[in-house]
Structures are given as structure tokens and as C-alpha cells.
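The values are calculated or read from the model by the stated rules, or taken from the named source; none is laboratory data. Predicted model only: the values in this text are computed from it and were never measured. With ideal geometry, Cβ positions are generated from the backbone for all residues, glycine too; neighbour counts draw on all protein chains shown. These area figures cover heavy atoms from the full protein model, side chains too; ligands, DNA and RNA do not enter into them. Shrake-Rupley method; radii C 1.70, N 1.55, O 1.52, S 1.80 Å.
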Amino acid sequence: MRLALDAGKHVLVEKPIARTLAETDEMIAAAGAAGRVLMVGEQFHFMPAFRHVRTLIARERLGRCGSSFDRPRFRPAHRLAPGSRRVGGGALIDGGIHYIHNLRWWGGPVRRLFALRPPSTVDMDGEDAITVLAELAGGA
């Protein structure tokens, strides 16, 4: 990323943006100092079904939108492979973030957030199950 910024390029990264919050803060600061855009690839935002819901909301064809995200037990092979602890993350980062992103896109910023991480059933870095409930500024 720094090589691209030093070359005056904008940067597109895949999720998760980094392994830690500190790394994330460093990346954001570096992009800001370089005057370049740092963007996380979020393909769900561009999927026709999600865009259609956004259009319906914008046209006031739907009321307040709400959703829940409950990711059942999650055991992707790449998270359980030797050396996988270097990549970080779990159910929320690997898949759930797409739904959280679109929920915010549809209903506005998160006002309150509740999350439950049940005890893990496998040895992996990150959660293997998650439940999230968010209250959005739009009222949902």
C-alpha cells in the first residue's frame, strides 16, 4: 500500500482493511497524508439486489429498513489452515461485514450496537459464530 501511495496512486484493498485497528489507523493516516483515496472493496454494494433495495428506499417505496445478521457456525478451510492466525478475522469479517455495510447504506449510521459471540467450537482466530443487532439513525 505504501509503495502505491508513494507513487501517487489511489489504493483499493480487500476486506478486512487490516489485521488490527492500529494498522487500519496507520493506513488511513498514510492515505490522508498522501492526499490519495484508500478504499475497501465491497462487492455486495454493487450487487443488483442490494442496489434495487437502495433504489426502493430512495424512492420511498419502502419504509424503514431493518435486518438482523446471524452467522451460524463458520468453518472456512483457509481460517483453519496452519498459519491462518496471521490473517485475523472470523465470521463477521469474512462474510458478515457485507450485510452490516449494506444495512448502514440503507438505514444510515449505527446509533447503538449489540453483538453476541457464543463460545467457539473450533480453534481459530476470530469468532466462528456471531449475532449482531443494530439500531440505525434512520430509526430501524
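Taking segment 1-85 as the region of interest, the strands (runs of 3 or more DSSP E) fully inside it that hold 2 or more residues being out of contact with any Phe, Trp or Tyr (no Cβ under 6 Å at 6 or more places or on another chain) and either of a type in the set (K, R) or modelled with pLDDT under 75 (or both) are 69-71. Being over 18 Å from K15 (Cβ atoms), in a loop (DSSP other than H, G, I, E, B) and over 14 Å from the mean Cα position of the chain (by Cα), is that true of even one residue in segment 100-110? Yes; the residues of segment 100-110 include at least one that is over 18 Å from K15 (Cβ atoms), in a loop (DSSP other than H, G, I, E, B) and over 14 Å from the mean Cα position of the chain (by Cα).
Given the criteria at positive phi, open to solvent by less than 80 Å² (accessible area, probe 1.4 Å) and at pLDDT below 85, does G108 qualify? Yes, satisfied.
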